[in-house]
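A.B. asks: I am attaching a structure below and will ask some questions about it afterwards.
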Amino acid sequence: MLKRDYERLLDLAVHVLEGGGRPDSVRHRVLEELALALRGLVIVVKDEEWSEDRGRVSVRRPGGRAELRLSAETVRHLRIGRPFAEHYSKTADRGPAVAHAIGGHRWSDSETANVLRRAFGTRDMLCLPLNGPSAVVRGFLIHRDTRFTRRDVAYARLVQPFLSAVSAHRARLANRSLSPGRSLRQPDPEAPSRAAVLTPRETTVLHLLAEGLSAYAMARRLAVSVRTIHKHLQRLYRKLGATDRLDAVLRAQRTGLLPHREPVRPPALSHNHCS
């Protein structure tokens with residue numbers, strides 16, 4: 001994965017960890033990242049099982065939040081799912097797959113390929129499934145006008161667990177927003193009052209702190225120096241009014257910045273409160 005791809009994913013992770021706004025905001029950020037990293041012109045979102053004549057089809061172009069209006073013929077061929085439906089039905093592997101690689105000429109010369117080519121102006125598809133307990137293959141179909149490469153598949157494989165986690169988080173946001181007595185547009189009454197004072201990087205460091213990572217491990221995870229991590233921790237402790245990492249995690253849990261769970265204590269041999 002290229003460094004800039006990693007940095008964008010880190011920004012997306014921070015966006016999600018901070019709350020990410022409404023569920024559709026999380027979805028929009030994910031689609032924009034996939035379009036940018038994989039040079040996609042059209043992205044199809046598959047949230048449910050499809051048949052040839054039923055199943056919701058959501059298709060978007062990068063930069064736009066509105067779904068594309070498609071002809072009945074285009075929607076029908078998307079639901080057919082060639083060549084991925086056959087591919088995933090024959091294997092337990094849920095790794096990313098590319099249409100031209102698994103379908104060959106049978107795909108490129110097929111009626112489905114021709115219909116989608118006319119509709120979107122694209123020539124290849126990459127399927128990026130989301131991991132999950134369901135037998136139904138859910139995920140994203142990224143269309144572009146050139147063939148996908150091994151580098152694209154490698155990127156898709158690397159981000160697959162992350163996108164699966166983001167999708168699960170988005171579902172939790174949606175369920176919470178639609179819980180009884182709460183409007184989708186109303187702010188969460190339990191939203192942390194201190195969230196606005198933490199920078200995105202401080203929020204990331206806070207979550208790594210709760211995982212029990214040392215300053216050295218955080219620095220490696222975020223590709224920065226240990227000194228930079230110490231500065232983030234010092235500012236974080238000051239903003240939370242904390243004296244050490246355990247105090248910071250507990251205070252963050254009480255204010256809603258972190259979920260309530262048993263904080264991981266620092267290694268016994270560590271004497272530096274920022275380590």
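A.B. asks: Taking amide H positions as placed 1.01 Å from N in the peptide plane, with prolines and chain starts having none, which residues 5 or more places from Leu258, or on another chain, fall under 5 Å of its amide H?
C.D. replies: Gln253
A.B. asks: Using θ = phi - 60° and the Karplus form 6.51 cos²θ - 1.76 cosθ + 1.60, what ³J(HN,Hα) does each residue of segment 42-54 get, whole Hz, x for Gly and Pro?
C.D. replies: So the J values, rounded to whole Hz, are 9, 10, 9, 9, 10, 9, 8, 6, 10, 10, 5, 10, 8.
A.B. asks: Calculate one ³J(HN,Hα) per residue across segment 240-246 by plugging θ = phi - 60° into the Karplus curve 6.51 cos²θ - 1.76 cosθ + 1.60, and present them in order as whole Hz with x for glycine and proline.
C.D. replies: 8, x, 9, 9, 7, 5, 5
A.B. asks: A further question follows. In terms of Cα to Cα distance under 19 Å, which aspartates and glutamates are near enough to Lys46, apart from those fewer than 8 places away along the same chain?
C.D. replies: Output for Lys46: Asp24, Glu32, Glu33, Glu67, Glu73, Glu86, Asp93, Asp124.
A.B. asks: Further question on the same structure: Do any GluC sites (Glu not before Pro) in segment 40-109 lie in a DSSP loop with no more than 15 other beta carbon atoms within 10 Å, and if so, which?
C.D. replies: Loop-located and lightly packed - Glu48, Glu49, Glu52, Glu67.
A.B. asks: Which residues' amide hydrogens lie under 5 Å from the amide hydrogen of Arg123, considering only partners 5 or more residues apart or on another chain, with H built in the peptide plane?
C.D. replies: Result for Arg123 returns Arg144, Asp145, Thr146.
A.B. asks: Taking H placed 1.01 Å from N in the peptide plane, check which residues at least 5 places from Leu198 or on another chain put their amide H under 5 Å from its amide H.
C.D. replies: Result for Leu198 returns nothing.
A.B. asks: Can I ask one more? From the phi angles alone, apply the Karplus equation (6.51, -1.76, 1.60; θ = phi - 60°) to segment 158-165 and give each ³J(HN,Hα) in whole Hz, x where the residue is Gly or Pro.
C.D. replies: Once rounded to whole Hz, the list reads 5, 8, 4, x, 5, 5, 5, 5.
A.B. asks: Same structure, new question: Quick one: Debye curve from the alpha-carbon atoms of segment 28-102 only, equal weights, vacuum; give me log10 I(q)/I(0) at q = 0.11, 0.17, 0.18, 0.21 Å⁻¹ to two decimals.
C.D. replies: Rounded to two decimals, the profile gives -0.31, -0.77, -0.86, -1.12.
A.B. asks: Could you rank the peptides 152-159, 90-97 by their average count of other C-beta atoms within 10 Å per residue, with the highest value first?
C.D. replies: Those peptides, ordered most packed to least, come out 152-159, 90-97.
A.B. asks: For segment 21-162, what is the accessible area per residue in Å² when the probe is 1.4 Å?
C.D. replies: I get 51 Å² per residue for this part.
A.B. asks: From largest accessible area down, sort Asp247, Asp24, Asp124; use a 1.4 Å probe on the protein chains.
C.D. replies: Asp24, Asp247, Asp124
The values are calculated or read from the model by the stated rules, or taken from the named source; none is laboratory data. Because the structure is a prediction, the values reported are computed rather than measured. Note: ideal-geometry Cβ built from the backbone for every residue, glycine included; neighbour counts use all protein chains shown. Ligands, DNA and RNA are excluded from the accessible area calculation, which covers all protein heavy atoms including side chains. Shrake-Rupley method; radii C 1.70, N 1.55, O 1.52, S 1.80 Å.
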